[in-house]
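Before I ask anything, here is the structure I am working with.
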Amino acid sequence: MKTVTKKNINWPELKSGTDVRGVAIEGVAGEPVNLTDEAVAAIVKAFCYRLAQSAGKTDLTVAVGHDSRLSAKRISDCVCNALTQSACNVIFTGLSSTPSMFMLLQDKQLCADASVMITASHLPYNKNGLKFFLPSGGLEGKDITEILTLAGEGKELSSAKQGSIKEKSYIDTYCAGLVRFVREKTGKERPLSGKKIVVDAGNGAGGFYVEKVLQPLGANTKGSQFLEPDGHFPNHIPNPENKDAMHAISECVKKNKADFGIIFDTDVDRAGAVDAKGEEINRNRLIALISAILLSEKPGTIVTDSVTSDGLAQFIANHGGKHCRYKRGYKNVIDKSRELNDAGEYSPLAIETSGHAALKENYFLDDGAYLVTRILISLAKLSSEGKQISDLIADLPEPAETAEVRLGFTDAGKPDFKNIGARAIEEIKEAAIAMGLKLAPDNYEGVRINFGQGRGEGWALIRMSLHEPILPVNFESDAKSGCKVIAQQLVELLQPYADKIDLTNLNQYIKNA
């Protein structure tokens with residue numbers, strides 16, 4: 001093992017939660033490339049150094065895949081070169097989904113020690129990143145911090161041996177597993193026969209789902225759109241949380257008179273859906289749908305992020321489950337669900353409103369393709385009974401209004417935004433109580449405030465963004481114009497911090513509501 005000093009790279013800024021992410025392509029003003037060849041090589045070599053220490057061996061095999069981003073080839077070449085220079089043998093899978101790169105590690109025939117997925121999820125075209133998997137799961141945030149520290153120190157394996165590169169797509173094997181799963185669950189070879197199901201891949205990596213999963217199961221997929229990989233993302237952002245993206249799949253369903261619509265994010269670890277009427281099934285509705293399916297099989301605790309609705313909690317309870325509203329961040333909800341299971345409390349699902357859904361039965365892997373496949377099994381069964389998938393969430397209490405406003409920081413607040421945001425949230429708790437408002441008892445993140453009769457009839461959550469100098473404010477109301485009433489009270493609560501926290505977007509929302 002040896003050390004090669006690396007200079008002029010801001011390593012901490014390349015960390016994004018449990019991933020490495022950065023700017024990979026020039027062209028956006030004010031965003032210089034920081035995910036350079038040198039940075040990528042150093043990070044991958046540091047990962048190998050750490051992997052060899054934990055595995056107790058230097059004869060390693062690592063799989064590498066990527067999504068449809070424009071920078072995929074450059075970074076793939078760099079990753080593969082860094083691995084072979086570290087004496088690792090590489091299985092290069094080419095265009096892949098993030099979940100398939102984890103599932104590959106469960107394949108005993110391949111005997112891979114780890115995998116690297118090159119993706120930046122739904123971020124703009126100029127971004128890219130690295131996601132690392134071991135057979136036990138994805139790396140945690142603290143692991144990424146350690147790898148970046150080792151990269152800065154220039155840690156790498158020293159070997160005269162050069163590793164090899166073998167090209168082998170794994171997506172066919174991954175999809176065959178999904179098809180087999182559906183056939184086993186339904187007892188039919190082509191359980192989706194007679195159903196029209198359309199997919200919007202947003203020009204990400206998810207187009208494979210049409211040909212390799214839906215069609216073998218008998219579905220008519222005519223009308224599916226944006227299946228071709230294109231890192232420019234020319235049609236819309238591949239993101240189930242994006243309004244334009246959800247509108248696109250909704251219109252696709254209605255235009256083609258489809259029974260069901262599916263939309264994936266770029267690397268297929270998230271998904272959203274649309275029912276036969278063209279109505280969106282995402283966020284709280286998606287959580288309710290998969291919860292209803294799982295709870296009908298066995299009662300348990302559903303773990304969600306902090307911005308889920310009160311109506312969802314009621315729905316889960318009505319379906320025999322328990323709702324645990326936890327911190328935002330898909331690894332946070334997964335870790336919480338694992339913790340509950342380890343303590344003897346059955347928890348089949350950890351899910352974020354963003355569409356990250358991890359099922360206990362599937363290694364707690366956030367897998368958009370597995371999520372919709374699980375839903376399609378129910379769709380096939382309901383169809384034989386003359387019912388539709390949306391019937392499963394017909395009793396979900398829906399708020400009259402929902403909104404999200406993202407508050408930035410002023411020039412005076414930006415240098416110390418983390419401390420300013422944290423302090424404001426703590427002080428707002430006391431201020432809200434002084435105003436006669438009540439704090440939600442089951443809150444693990446930020447401050448969630450309940451607004452009663454005459455004060456908006458809903459709730460609001462103020463929290464710090466995981467990755468940006470932003471205070472997202474989510475609120476919902478059971479009354480018409482209730483969100484505006486809530487927003488006006490939020491301005492009053494936040495006004496003492498107006499010199500540090502920019503309230504422009506909240507005031508603009510009130511003006512337009």
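If the reach is capped at under 17 angstrom between alpha carbons, list the lysines near K155, excluding any in the same chain fewer than eight residues apart.
Here the lysines satisfying the reach criterion relative to K155 are K2, K6, K7, K45, K57.
Heavy atoms only, probe 1.4 Å: what % of the accessible area of the range 168-289 goes to carbon and sulfur, would you let me know?
In the range 168-289, the share of accessible area belonging to carbon and sulfur is 44 percent.
Further question on the same structure: Give me the distance in nm between label points sitting 7 Å out from Cα along the Cα-to-Cβ direction at A412 and D244, one decimal.
It is 3.6 nm.
Here is a further query. Order S465, S115, most accessible first, counting only protein heavy atoms with a 1.4 angstrom probe.
Descending accessible area places them as S465, S115.
Starting from 0.36 nm per residue, how many nanometres of slack lie between D107 and K57 once their C-alpha separation is accounted for?
Result for the pair: 16.0 nm of gain on full extension.
Also, quick follow-up: For the cross-link pairs K15/K142; K322/K360; K277/K322; K438/K480, which exceed 19 Å when the distance is taken from alpha carbon to alpha carbon?
Table pairs above 19 Å Cα-Cα are K277/K322; K438/K480.
Moving on. With the contact rule set at Cα under 8 Å and sequence spacing of 6 or more, what percent relative contact order holds for the chain?
About 11 percent, as a whole number.
Which whole-Hz ³J(HN,Hα) couplings does the range 70-80 yield from phi under the Karplus relation 6.51 cos²θ - 1.76 cosθ + 1.60, θ = phi - 60°, glycine and proline marked x?
Residue by residue, the range 70-80 yields 4, 8, 4, 5, 4, 6, 4, 4, 5, 5, 5 Hz.
With a 1.4 Å probe and all protein chains in place, put K500, K480 in order of accessible area, largest first.
Ranked from most to least accessible, the order is K480, K500.
Please report how far the C-alpha centroid of the range 1-72 lies from that of the range 235-297, rounded to the nearest whole angstrom.
Spelled out, the Cα-based centre of one part sits 33 Å from the other.
Using a 1.4 angstrom probe on the protein heavy atoms only, line up F417, F315 by accessible area, largest first.
Highest to lowest solvent-accessible surface, that is F417, F315.
Could you report the chain's accessible area per residue, 1.4 Å probe, as an integer in Å²?
Accessible surface, normalised per residue, equals 41 Å².
Another one. Heads up, I need the accessible area for K15: 1.4 angstrom probe, whole protein in place, Å², nearest 10.
80 Å²
For the range 239-249, take each phi angle, set θ = phi - 60°, evaluate the Karplus expression 6.51 cos²θ - 1.76 cosθ + 1.60, and give the result in whole Hz per residue in order, putting x for glycine and proline.
7, x, 8, 7, 4, 5, 5, 5, 5, 4, 6
Suppose each label sits 7 Å from its Cα in the direction of the beta carbon; what would the Q388-E430 distance come out to in nanometres?
Spacing of the two 7 Å Cα→Cβ label points: 5.3 nm.
Cross-link partners among aspartates and glutamates for K185, C-alpha distance below 19 Å, same-chain residues fewer than 8 apart left out?
Candidates past the 8-residue exclusion: E297, E361, D367, E385.
At what distance in angstrom do the alpha carbon centres of the range 412-444 and the range 312-345 lie from each other?
Value for the Cα centre distance between the two parts: 24 Å.
Using a 1.4 Å probe and ignoring any ligands, DNA or RNA, find the accessible area of T58 and quote it in Å² to the nearest 10.
80 Å²
Report the Cα centroid-to-centroid distance between the range 152-183 and the range 374-406 in angstrom, as an integer.
Comparing the Cα centres of the range 152-183 and the range 374-406, I get a distance of 36 Å.
Additional query: Quick one: accessible surface of H356, probe radius 1.4 Å, all protein chains present, in square angstrom to the nearest 10.
20 Å²
If you don't mind, there's one more thing I want to ask. Just to check I understand the Karplus step: with θ = phi - 60° and J = 6.51 cos²θ - 1.76 cosθ + 1.60, what whole-Hz values come out for the range 342-351, glycine and proline as x?
Using θ = phi - 60°, the values come out as 5, 8, x, 9, 5, 9, x, 8, 10, 8 Hz.
Okay, next question. What 222 nm value per residue comes from the helices of the chain, counting each DSSP H run with n ≥ 4 as -39,500 (n - 2.57) and dividing by all residues, nearest 500 deg cm²/dmol?
Helix contribution divided over all residues of the chain: -10500 deg cm²/dmol.
Something else: If R₀ is 56 angstrom, what is the calculated FRET efficiency for the pair K438 and K168, using the beta carbon separation as r and rounding to 0.05?
Calculated value: 0.45.
Sticking with this one: What is the set of long-range amide H partners of E401 at a cut-off below 5 Å, with H atoms built 1.01 Å from backbone N?
Close amide H contacts, sequence-distant or interchain: S477, A479.
The values are calculated or read from the model by the stated rules, or taken from the named source; none is laboratory data. None of these values were measured; they are calculated from a predicted model. Don't worry about glycine lacking a Cβ; one is built from the backbone with ideal geometry, like all the others, and counts go over all protein chains shown. These accessible areas exclude ligands, DNA and RNA; they are computed on the full protein's heavy atoms, side chains included. Shrake-Rupley method; radii C 1.70, N 1.55, O 1.52, S 1.80 Å.
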